[in-house]
Amino acid sequence: MSGAERTGEVELRRGMAAMGMDDAIAPALLAYRDLLARWNRVYNLSAVRDPAEMVSRHLLDSLSVLPWLPPGALLDVGTGPGLPGIPIALAQPDRFVTLLETNGKKVRFIRQACLELGLDNVVIAPGRLESFTATEPFEAIICRAFTDAAGFWHGVARLLAPGGEALAMKGRRETEELAALAQAGVSCQWQPLVVPGLDAERHLLIMRAQKPATG
């Protein structure tokens, strides 16, 4: 094990403790990180090259959303190499997680990762959001890849269960794009995320369809 990998393990366990999490899944998370780092050398799956840096920017960042996820089936749109879906699936083995991704190399990687990690609560869905269909709606749909919150909402609203939430992982809090969502009857909530070891702003934009007024 390299020095960077040892440093990464200490950082992961400390970060999980700071987040109030049991670190029993740390070995599985590190196995996923190590596999991603190896594939990344050849297939360029992530802009983050340093395995130690992947701990905060990928693993802990993904885990930071756990307190804000409603229970039930989760769809991860544009999951890339499995972020945040694979760390979430490892942390919550009773939750069914669907990973939607268009890039063939990334799909091959997440297939291999799920096989090696024994993730039987994960479904891999190759393809684009526009053509994706599901037999059952999702209680939660999350994404790290969308920059346009309104576009994300309009793309996933048809897949949400009644009362379900669309969650967009963001950097800085932005308000300009929310006016259009409010006009479309979407309730928006900004939730700051605390990611141990990450010196950057992180927020979760939680979107729900507003209930029609009664009376």
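The values are calculated or read from the model by the stated rules, or taken from the named source; none is laboratory data. Keep in mind that what you see is a predicted model, and the values were worked out from it rather than measured. Cβ coordinates were reconstructed from backbone atoms using ideal geometry, including for glycine residues, and neighbour counts include every protein chain displayed.
List of remarks:
- Applying a threshold of 9 Å to beta carbon distances and a minimum spacing of six or more residues, or different chains, the list of pairs starting in the range 118-146 at a residue that is more than 17 Å from L205 (Cβ to Cβ) and ending at one that is among the basic types (K, R) and assigned to a helix (DSSP H, G or I) reads I124/R111; P137/R158.
- Exactly one residue among N121, N103 is under 19 Å from G80 (Cα atoms), modelled with pLDDT of 95 or more, over 16 Å from the mean Cα position of the chain (by Cα) and of a type in the set (S, T, N, Q), and that residue is N103.
- Of the strands (runs of 3 or more DSSP E) lying entirely inside the range 100-215, those carrying at least 1 residues that are of a type in the set (S, T, N, Q) are 186-192.
- Count of the range 131-148 residues which are over 15 Å from the mean Cα position of the chain (by Cα), modelled with pLDDT under 95 and either closer than 23 Å to L193 by Cα or among the acidic types (D, E) (or both): 1
- Applying the criterion of being of a type in the set (D, E, K, R) and surrounded by 13 or more Cβ atoms within 10 Å (Cβ to Cβ) to the residues of the range 175-205, the residue that is farthest from H58 (Cα to Cα) is E177.
- Scope the range 34-68; condition of a type in the set (A, V, I, L, M) and within 23 Å of A140 (Cβ to Cβ); matching residues: L59, L60, L63, V65, L66
- Residue list for the range 76-99, filter: assigned to a loop (DSSP other than H, G, I, E, B), over 19 Å from V48 (Cβ atoms) and of a type in the set (A, V, I, L, M, F, W, C): F96
- Sub-8 Å Cβ pairs linking a first residue in the range 159-177 that is in contact (Cβ under 8 Å) with a residue 40 or more places away in the chain and more than 14 Å from S187 (Cβ to Cβ) to a second residue that is in a loop (DSSP other than H, G, I, E, B) and of a type in the set (V, I, T), at least 6 apart or interchain, are M169/V65, ordered by first then second residue.
- Here L59 meets the list (1) closer than 18 Å to F146 by Cβ; (2) assigned to a helix (DSSP H, G or I) almost entirely, failing just condition (1).
- Residue match in the range 63-75 (condition: more than 15 Å from E11 (Cα to Cα) and among the β-branched types (V, I, T)): yes
- Applying the condition of being in contact with a helix residue (DSSP H, G or I) (Cβ under 6 Å, 6 or more places away or on another chain) and either polar (S, T, N, Q) or at pLDDT 95 or above (or both) to the range 15-29 and asking which residue is farthest from V194 (Cα to Cα) yields A28.
- Verdict on E136 being touching an Asp or Glu at 6+ places or on another chain (Cβ under 9 Å) and over 23 Å from P81 (Cα atoms): no
- Residue ID - surrounded by the fewest Cβ atoms within 10 Å (Cβ to Cβ), chosen from residues in the range 63-72 that are over 15 Å from P93 (Cβ atoms) and within 11 Å of the chain's Cα centre (by Cα): V65
- Qualifying residue in the range 77-84 (condition: more than 13 Å from I142 (Cα to Cα) and in contact with a Leu (Cβ under 7 Å, 6 or more places away or on another chain)): yes
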